[in-house]
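Only one structure is covered here, and it is reproduced in the block below.
Every number in this text was worked out from the coordinates using simple rules, so none of it is lab data. Predicted model, so just to flag it, every value in this text is computed and none were measured. Counting neighbours? That spans all protein chains shown, and the Cβs are built from the backbone with ideal geometry, glycine included.
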Amino acid sequence: MTQLIPKPRRVVAGSGEVRLTAHSQVYAGTAAESVGHWLCTVLRQATGLPLREGRELDDTEGDGIGLQIDSALAHEEYRLVSDSTGVLIEGGSAAGVFWGAQTLRQLLGPDAYRRAPLSRDRAWGVPHVTIEDSPRFRWRGLMLDVARHFMPKDGVLRYLDLMAAHKLNVFHFHLTDDQGWRLQIERYPKLTEIGSWRARTKSGHRASPLWEEKPHGGYYTQDDIREIVAYAAERHISVIPEIDIPGHSQAAISAYPELGNTDVIDTTSLTVWDTWGVNKNVLAPTDNTLRFYEGVLEEVLELFPADATGSTGFSSFVHIGGDECPKDQWRQSPVAQARIKELGLADEDALQSWFIRHFDNWLTARGRRLIGWDEILEGGLAPGAAVSSWRGYNGGITAARAGHDVVMCPEQQVYLDHRQHGGADEPVPIGYVRTLEDVYRFEPVPPELTPEEARHVLGTQANVWTEVMEDPARVDYQTFPRLAAFAEVAWSSLPAPAERDFADFEQRMTAHYGRLDALGVAYRPPAGPRPWQRRPGVLGRPIEGAPPNV
């Protein structure tokens, strides 16, 4: 009963249980109807019980489930009471009720996560218990990179369900990069006609001699995106799109060569990049480039509306990347140098800052907020812009002290593409060793911040970069079970990292592995990779402490 993840704030166990039967009903009060629909859907699938909708809470007769709003609770806070009168979940909003419903599903056991009942004779019971719970952070995120290796729409919807099961509520959708453009833009059809696929793909680290000699690609239609955003909203998840500028843009340049620095290289010869690393082909700082990306973002704003979900208030954000932009071509480009002189800028770094500030102002004028990787701090930001701190903690500390909101996602702690163990069996070992325990001991708020500065830490996010993840099973392997540890860090009020009870977490994970099994998650087992999860002979980057781009 207490094997819950994330760990609730307060649990008081009772004696007995609420037995769900063919007569059980689900009552969803005003503003909780969508949660009732979701809960009925998943529990009917798993249990085979009809779970009819009741008209009044007291219709449950001791074997039903009630869902309702209690305005005295905080927005995402919930209270779950299971006793002789039935199960009652109250939340400060529909989001709070939804997170309580996720806890109820855990209480029912791993088979509650299946899509069909294993037996029609199975007894389903909810132990008598009172649980009071609320999240530590408002932003509890997962970034999924679909540009390096495309994940079809059904896989994205599945990951939204996995996020919801772990009470994560922000989906950072990395849609464009050098290796692929994944979003249909109607006014610029070549972005997907040309930019969404590459002829071949590097296998393993970029130093590997191996290639997968077949085309790779895919993209989401605008209706796919509308479906993904709506599906996320039903699960109280905000979707934050990322459209990379001015670096990480070779896929776009391959589709529209005029976007590149045509006075330096022959951009018509560029194709979608087939390997990994930091690419020197960046956007040209021209008015044509600005107008092009304004056109892209106009469609992005329509596809990702600011009010898509009211559970977090984060749907107003648009991520513009802003990281890893080499300045070599700008130094050589007469056009770029003329722009620097025209604007009275100091150098190429200031030119990148001008690029970012242009879109910061453009988004702000439309009621939206810019967020980017911590490189965007260089040169200054408008007051409303926020920062994803990935190069350690320093970017987040600098941003918070300057009054900017921050999402903490330092590479050394929560980049889930990094290997989970130092053993030779890890598939394509990349970067730092970050074990399940390492992630569990991650602390998002830097101790250097004052309480006032720390209020700018919106929350935290785990990042899944897919250069060496060629299919959903590999994404699962890298992401789980570490995402469960991360979810507890993001949700629960844990003690200082050194004082956290990892043994207790491991014990609760014994039940959680059963839930992941029922969900079909190809996680890394505690004993190490299964034979089919290894990739012998594929070169990784197995140097502990290596710089990110080595």
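Would you list His248, His149 from fewest to most Cβ contacts within 10 Å? Working shown, then result.
Numbers: His248 27, His149 21.
By the 10 Å Cβ count, ascending, the order reads His149, His248.
Assuming R0 = 30 Å, what is the FRET efficiency of Thr221 and Ala116, from their Cβ-Cβ distance, to the nearest 0.05? Could the numbers behind the result be given before it?
Numbers: r = 30 Å, r/R0 = 1.00.
Step by step, r from the Cβ atoms, then E = 0.50.
What number comes out for the charge environment of Asn361, summing +1 per Lys or Arg and -1 per Asp or Glu over other residues with Cβ under 14 Å away? Spell out each step's value before the answer.
Details: positive: Arg357, Arg366, Arg368, Arg369; negative: Glu294, Asp360.
The answer is +2.
So for the chain, averaging the separation of alpha carbon pairs under 8 Å that are six or more residues apart and normalising by length, what relative contact order in percent results? Spell out each step's value before the answer.
Details: 1226 pairs, mean separation 80.5, N = 550.
Value for the chain: 15 percent.
So between Asp471 and Ala74, what do we pick up on full extension, going 0.36 nm a residue minus the alpha carbon distance?
Values: separation 397, 0.36 × 397 = 142.92 nm, distance 3.94 nm.
Working it through step by step, the gained length comes to 139.0 nm.
With equal scatterers on the alpha carbons only and no solvent term, can you work out the Debye log10 of I(q)/I(0) for segment 10-133 at 0.10, 0.17, 0.22 1/Å?
Result of the Debye calculation: -0.26, -0.78, -1.33.
How large is the convex hull of the C-alpha atoms of the chain per residue, in Å³?
Working: hull volume 83.0 nm³, N = 550.
Taking only Cα atoms, the chain has a hull volume of 151 Å³ per residue.
Based on the alpha carbon coordinates of segment 114-212, what radius of gyration and maximum Cα-Cα distance (Dmax) apply, in Å?
20.5, 59
Using a 7 Å offset from the Cα along the Cα-to-Cβ direction at both Asp347 and Leu157, what is the distance between the two label points in nm, to one decimal?
Distance between the two pseudo-spin positions: 5.1 nm.
Which trypsin sites (Lys or Arg not before Pro) in segment 438-525 sit in a loop by DSSP (not H, G, I, E or B) and have at most 13 other Cβ atoms within 10 Å of their own Cβ? Please list the in-between numbers first.
Numbers: sites: Arg441, Arg455, Arg474, Arg482, Arg500, Arg508, Arg515; in loops: Arg441, Arg455, Arg500.
Those satisfying the criteria are Arg455.
Relative contact order for segment 221-348 using alpha-carbon pairs under 8 Å, separation at least 6, rounded to a whole percent?
Values: 173 pairs, mean separation 44.7, N = 128.
Contact order relative to length: 35 percent.
Quick check: the angle from helix 222-234's long axis to the longest principal axis of the chain, C-alpha only, nearest 10 degrees?
Roughly 40 degrees between the two axes.
Share of antiparallel DSSP beta bridges in the chain, in percent to the nearest 5?
40
Just to be sure I understand: of the beta bridges DSSP finds with both ends in segment 10-133, what percent are antiparallel, rounded to 5? Display every interim value, and only then the final one.
Working: 19 of 29 bridges.
Antiparallel: roughly 65 percent of the beta bridges in segment 10-133.
With the crude spin-label approximation of a point 7 Å out along Cα→Cβ, what separation in nm comes out for Glu302 versus Ala382?
So the two model labels end up 2.2 nm from each other.
Put a dot 7 Å past each Cα toward the Cβ at Glu212 and Asp328; how far apart are the dots in nm?
A separation of 2.7 nm, rounded to one decimal place.
What is the Cα radius of gyration of segment 165-227 over 2.2 N^0.38 Å, N being its residue count?
Working: Rg = 14.8 Å, N = 63, 2.2 N^0.38 = 10.6 Å.
Segment 165-227 yields a ratio of 1.40.
Using each residue's phi in segment 334-351, evaluate 6.51 cos²θ - 1.76 cosθ + 1.60 at θ = phi - 60° and report the 3J(HN,Hα) Karplus result to the nearest Hz, with x for Gly and Pro.
Listing the rounded values in order: x, 5, 5, 5, 5, 5, 4, 5, 4, 8, x, 8, 6, 6, 5, 4, 5, 5 Hz.
So what's Rg/Rh here for segment 147-285, counting alpha carbon atoms and using the Kirkwood radius for Rh?
Working: Rg = 16.1 Å, Rh = 15.9 Å.
Over the Cα atoms of segment 147-285, Rg/Rh equals 1.01.
Per DSSP H run of at least 4 residues, take -39500 (n - 2.57); add these up for the chain, divide by its residues and hand me the 222 nm value, nearest 500 deg cm²/dmol. Mind dumping the intermediate values first?
Working: 17 runs with 170 residues, N = 550.
Using -39500 (n - 2.57) per qualifying helix, the result is -9000 deg cm²/dmol.
Assign one of three labels to segment 423-550, namely rounded, prolate or oblate, based on the Cα gyration tensor with a ≥ b ≥ c the square roots of its eigenvalues; rounded applies when a/c is under 1.5, prolate when it is not and a/b is larger than b/c, and oblate otherwise.
Working: a/c = 2.07, a/b = 1.38, b/c = 1.50.
Since a/c reaches 1.5 but b/c is at least a/b, the shape of segment 423-550 is classed as oblate.
For segment 226-349, just the Cα atoms, rotate onto the principal axes and tell me the three extents in Å, largest first.
50, 36, 24
What is the distance in Å between the Cα centroid of segment 57-107 and that of segment 465-501?
Distance between centres, Cα-based: 27 Å.
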